[in-house]
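Below is one structure, written out as structure tokens, with a few remarks after it.
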Amino acid sequence: MDVLFVCTGNTCRSPMAAARFNQLAGLDGPHASSAGIAAREGQTASPAAIEAAAGLYGLQLEPHRSVPLDDDLMRKAGLVVAMTPSHKDWILRRYPAYADKVHVMTAFGGDGDPERGIRDPFGGSVQEYRDTLLAMEPHLQAILAYTRSTRPDTEV
């Protein structure tokens, strides 16, 4: 099951989440990509996101280029993971046909509170980006377990 992580500009949270998810999943695991609901195509990951991801997990975000969310990405994804409830609401208004596969990241793992969401570190310090990536970790682990589940009727 391929996973699509979605945030606003696709320059920090969603690319960090996709890169870390792919690292956790390994070469033969599910694959993740990312997009933004207000992304301008072709932007690089933010410098603080690049530094935080490299420092924490050795992830290389330099090759990342932002991608606007579109119908093709929605159709191809097996699971769409929004960073916040407002991202999920925007996605559901724009792409109601895919409602069954759209969830807020915090619905997985941790306290399972989909209303909390993942805070946007945009414009913050490298430490704030690290904190954001660390906050995503238990949810990414739970999403990976979910995608590897052999039971198609597994609840989120």
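Summary of values
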{"read-out": "Per-region count, the stretch 99-111, residues in a helix (DSSP H, G or I) and buried (at least 16 other Cβ atoms within 10 Å of the Cβ)", "value": "4"}
{"read-out": "Unique match (being at pLDDT 95 or above, more than 12 Å from the chain's Cα centre (by Cα) and part of a loop (DSSP other than H, G, I, E, B)) among Pro114, Pro138, Pro121, Pro152", "value": "Pro121"}
{"read-out": "3 or more residues surrounded by 20 or more Cβ atoms within 10 Å (Cβ to Cβ), aliphatic (A, V, I, L, M) and at pLDDT 95 or above: qualifying helices (runs of 4 or more DSSP H) within the stretch 8-79", "value": "13-25, 47-57"}
{"read-out": "Given (1) in contact with an Asp or Glu (Cβ under 6 Å, 6 or more places away or on another chain); (2) among the β-branched types (Val, Ile, Thr); (3) without any contact (Cβ under 8 Å) to a residue 60 or more places away in the chain, index of the condition Val126 fails", "value": "(3)"}
{"read-out": "Qualifying positions in the stretch 80-96 - surrounded by 11 or more Cβ atoms within 10 Å (Cβ to Cβ), of a type outside the set (Lys, Arg) and more than 25 Å from Thr44 (Cβ to Cβ)", "value": "Pro85, Asp89, Leu92, Tyr95"}
{"read-out": "Some residue of the stretch 39-51 being in contact (Cβ under 8 Å) with a residue 12 or more places away in the chain and at positive phi", "value": "yes"}
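Let's see how each residue does on (1) farther than 14 Å from Ile143 by Cα; (2) without any contact (Cβ under 8 Å) to a residue 24 or more places away in the chain:
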| site | (1), (2) |
| --- | --- |
| Arg13 | yes, no |
| Ser34 | yes, no |
| Tyr57 | yes, no |
| Glu62 | yes, yes |
| Leu73 | yes, no |
| Ala82 | no, no |
| Ala97 | yes, yes |
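The values are calculated or read from the model by the stated rules, or taken from the named source; none is laboratory data. In this text, all values refer to a predicted model and were calculated from it rather than measured experimentally. A quick note on method: Cβ atoms are made from the backbone with ideal geometry, for glycine too, and the neighbour counts reach across all protein chains shown.
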